[in-house]
Structure formats: structure tokens, C-alpha cells
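The structure appears right after this line, and notes come after that.
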Amino acid sequence: METMKILQIVGFKNSGKTTLMNRFIESAQEAGQTVSAIKHHGHGGPPELPDRETDSMKFLGSGAASSLVFGNGVVQMHMQGQKKELSNFIKLSLLADPDCILIEGFKQASYPKIVLVRSQEEWRQLKGLDNIRLVIVPHPMLLDGAQPVLRDDRSSIDSFFTVWMEGDFHETV
């Protein structure tokens, strides 16, 4: 089993998860780290796929369980019928030999996580999640059991990420 630094970013739709993920990816890259990113597509239906007439999509249409295309340093992979377990996606992301993995979504997983909340109601729904390390809010609010950081407090958020990235905590995958 490998050990890997894994951090989740969770919250409801349009709470800023993707923006924060991108910021962390850029920060890690600037620090010389390689990041794999995993996103749960929670918008209903499958993610947008390439045109059905591409060779890779024809392979899937013919019944292939997966179709992988490589060209000019980029790998594109599509799979169908795959178990919907985060652990499988983490194993796939290890193929990129990352220094860390950032996960957007998959709220119920138990990895260390940052929770983005916009209201007391959202906090009531999310405060029971496992392994919450940081809570980010768009405006000052009191949250039961948490000391939130303001979304505009880039210094504190970036400091949290730097300490996490440089820390010794790793997950067994």
C-alpha cells in the first residue's frame, strides 16, 4: 500500500470548491509539487464526453469497459460500468505519480477536508462530516463547533494549505 497526501474540498453547488481547488493546484505547482485532482460530477448525468464519432468513443460504443487515448503527452481515459468508489479513482490518479491528491466532493469520504459553507443551514447539514480541518465562510458567522475562516482571508487559507502540503500526515491508499 502506498501513502499519499489527500485533501478534500467539499460544500454545496456554487460554494467555491472549484475556484479553491484551482488555487491550491497552482500553489502546489509553484512549490514544485505534482497534484492529481479528482472531482465528483454532481450535476446529474454523466460528464460531457467527446464526440461519439471519435475512435475512443467508438470503442466504448462497441462495448469496451474503458478506452484510453494517448497523444502529445496527454492521456484521456473513459470508463463505463466502473464501481463508483472513491478508492478506485484515487488508484487511477496515482498513475500520474503525484505528490498529493486534491478531491472535490465525495463528502462522505473520511479524508481530511475543507468545508465551504454559506449559511447556518449548510453548516447544520455538513458539520457531521468526518475529518473537517478547515471551514471557510463568505461572511462572518458563528458556527457551532468550528472557528471558520473568511473566504477573503487568502493569507490564512494559503497558510493552511502550505502547512498541510509540507506536513507529515499521509493517507494509506
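The table that follows gives values for the structure above.
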quantity: All positions within segment 76-104 that are hydrophobic (A, V, I, L, M, F, W, C) and under 27 Å from residue 55 (Cα atoms); calculated: 77, 79, 89, 90, 92, 94, 95, 96
quantity: Some residue of segment 106-113 being among the small types (Gly, Ala, Ser), under 30 Å from residue 66 (Cβ atoms) and either in a loop (DSSP other than H, G, I, E, B) or in contact with a Leu (Cβ under 9 Å, 6 or more places away or on another chain) (or both); calculated: yes
quantity: Any hit, segment 139-161, residues being out of contact with any Phe, Trp or Tyr (no Cβ under 8 Å at 6 or more places or on another chain), assigned to a strand (DSSP E or B) and surrounded by 12 or more Cβ atoms within 10 Å (Cβ to Cβ); calculated: yes
quantity: Strands (runs of 3 or more DSSP E) contained entirely in segment 1-87, each with at least 3 residues that are modelled with pLDDT of 85 or more and within 15 Å of the chain's Cα centre (by Cα); calculated: 3-11, 35-39
quantity: Any chance residue 129 is part of a loop (DSSP other than H, G, I, E, B) and either surrounded by 12 or more Cβ atoms within 10 Å (Cβ to Cβ) or of a type in the set (D, E, K, R) (or both); calculated: yes
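The values are calculated or read from the model by the stated rules, or taken from the named source; none is laboratory data. It should be emphasised that the depicted structure is a prediction, and the values quoted were computed from it without experimental measurement. Note that each Cβ is placed from the backbone with ideal geometry, even for glycine, and that neighbours are counted across all protein chains shown.
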